[in-house]
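See structure below.
The values are calculated or read from the model by the stated rules, or taken from the named source; none is laboratory data. Treat the numbers as computed from the prediction; the structure is a model and nothing was measured. Cβ atoms come from the backbone with ideal geometry, glycine included; neighbour counts cover every protein chain shown.
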Amino acid sequence: MVTEVRVPKLGMTQTDITVVELKKKDGDQVAELDLAAILETSKARFEIAAPCPGKIFYVKKVKDKVKIGDLLGVVSESREEFEQYMQQQQLEAEQAGDVAQDAVEEEQALEGTVPPGMEGLGIKERVAFIGMRRTIADNLVSSLQTGAQLTIVSEIDLTELAAMRENLAQKQPDNKITFVDMLVKIVAHALKDFPIVNSTLVGDEIICWNAFNIGVAMALDDGLVVPVVRDADKKSLFDVSRQIKEFSRKARTNELDPVHYQGGTFTLSSGGKVETDFVTPIINPPQSAIMAIGKIAPRPAVHNGELTIRTTAYLCVTHDHRIVDGIPASLFLGRVKEIIEQPELFAKIIG
């Protein structure tokens, strides 16, 4: 008896699914629920288990792109049974006139090559350009090619907001509030005054959303994920903080589900602890804008007419100029800056 192993739905809507690891060799004996393969999208990693005991045979290999419903392999009693099954599958495909053209040979021919002039340099390591990293790269290139992206930058003074953050930490020491938590609330509030920044271009129509779902970019060792804080404007600051911390934990352990990435209307990216003052972030499609904050640090600044040391950073907003003109983008950035530098305004937001 042959039992198919197919790419499950698992809530996925992506077509950018890659086989990144096969856990067995062809013909290996497996028990029911033994780990058989690992698939990866731009957002998450999924483990595929053997559906029953028997011998496993794969029809896909590492680096193959697959889609939901594709056949990964089969579990059968013998190799002969597997080969008979494959012959039948091929016959049915030929009869249906649906035999796909295989580009694998061309891809294999490229493996192991190096750019001209780089021969003999010695290779320390080869890192497969597949899975999450490849999909992120494709998405970023597509974003730049399809949008007219422009980045604007403003220096912000976080000194007073930092003091408020310390006060909040004293109230709830078990739930440390971060600047990212605070920015999610600030951005969600500011977007209400500039709906065009919270929009998506669909065909010949710009849709301004009535929800403020803020994606929070999180760096992993092998890529970047952007889980979404839904209805960030309606959640309390501490609820936002708890959700972001939970997303971060799940991201590190590959526990995020596809639903966690869906429905974002705006994205916030943070440089974290790296030594980067400002960046030009790339828009996360289908959104029309993204904000990044650079390194938060003490810097010389003029405050109340005097040269002093203040806690500052650079806010960088990239917007799709097809959708968002420079003036509303600048006004939105100015509104965020205003709330940051006047904590009494932030206090009203969080209640």
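Considering only residues that are outside any loop (DSSP other than H, G, I, E, B), touching a residue at least 40 places away in the same chain (Cβ under 8 Å) and more than 20 Å from LEU333 (Cβ to Cβ), which ones fall in segment 163-186?
Initial filter on segment 163-186 (outside any loop (DSSP other than H, G, I, E, B)): 163-171, 179-186.
If we keep only those that are touching a residue at least 40 places away in the same chain (Cβ under 8 Å) as well, we get 163-164, 168, 179-186.
The answer is ALA163, MET164, LEU168.
Cβ-Cβ under 6 Å, sequence separation 6+ or interchain: first residue in segment 219-247 and aromatic (Phe, Trp, Tyr), partner crowded, with 21+ Cβ neighbours inside 10 Å and not in a helix (DSSP H, G or I). Which pairs?
Taking only residues 6 or more apart or on different chains, the pairs are PHE247/PRO227.
Which residue is farthest from TYR261 (Cα to Cα), if the candidates are limited to segment 1-16 and must be surrounded by 18 or more Cβ atoms within 10 Å (Cβ to Cβ) and at pLDDT below 90? Quick ask: steps written out before the conclusion?
Within segment 1-16, the first condition is being surrounded by 18 or more Cβ atoms within 10 Å (Cβ to Cβ), and the residues that meet it are 5, 7, 12, 16.
Restricting the remaining residues to those that are at pLDDT below 90 gives 12, 16.
Details: MET12: 10, ASP16: 14 Å.
This residue is ASP16.
For ILE327, all conditions in the list (1) of a type in the set (A, V, I, L, M); (2) touching a Phe, Trp or Tyr at 6+ places or on another chain (Cβ under 7 Å); (3) surrounded by fewer than 21 Cβ atoms within 10 Å (Cβ to Cβ) hold save one; what is the number of the exception?
It is condition (2) that ILE327 fails.
Kindly indicate whether GLU341 is in contact (Cβ under 8 Å) with a residue 24 or more places away in the chain and of a type in the set (Asp, Glu).
When the stated conditions are applied, GLU341 passes them.
Which one of these is farther than 14 Å from VAL180 by Cα, surrounded by 15 or more Cβ atoms within 10 Å (Cβ to Cβ), among the hydroxyl-bearing types (Ser, Thr, Tyr) and modelled with pLDDT of 95 or more: THR267, THR308, THR312? Steps first, answer last, please.
Working: THR267 fails: farther than 14 Å from VAL180 by Cα; THR308 fails: surrounded by 15 or more Cβ atoms within 10 Å (Cβ to Cβ).
Matching residue, one of THR267, THR308, THR312: THR312.
Got at least one residue in segment 284-296 being among the aliphatic types (A, V, I, L, M), over 23 Å from THR267 (Cα atoms) and part of a strand (DSSP E or B)? Show your work before the answer.
Pass one, segment 284-296, residues among the aliphatic types (A, V, I, L, M): 289-293, 296.
Now narrow it down to the ones that are over 23 Å from THR267 (Cα atoms): none.
No, the conditions are met nowhere in segment 284-296.
When the residues of segment 188-201 are filtered to those that are surrounded by 24 or more Cβ atoms within 10 Å (Cβ to Cβ) and in contact with a strand residue (DSSP E or B) (Cβ under 9 Å, 6 or more places away or on another chain), which remaining residue is nearest to VAL229 (Cα to Cα)? Reasoning before the result, please.
Kept after step one, since they are surrounded by 24 or more Cβ atoms within 10 Å (Cβ to Cβ), are these residues of segment 188-201: 188, 190-191, 197-198.
Imposing the further condition that a residue be in contact with a strand residue (DSSP E or B) (Cβ under 9 Å, 6 or more places away or on another chain) reduces the set to 188, 191, 197-198.
Working: ALA188: 10, LEU191: 14, VAL197: 17, ASN198: 14 Å.
In this case the residue turns out to be ALA188.
Taking the options VAL274, VAL279, VAL259, name whichever one is of a type in the set (A, V, I, L, M, F, W, C), more than 16 Å from the chain's Cα centre (by Cα), within 25 Å of ASP221 (Cα to Cα) and surrounded by fewer than 17 Cβ atoms within 10 Å (Cβ to Cβ).
On the way: VAL279 fails: surrounded by fewer than 17 Cβ atoms within 10 Å (Cβ to Cβ); VAL259 fails: more than 16 Å from the chain's Cα centre (by Cα).
None of the others qualify; the one that does is VAL274.
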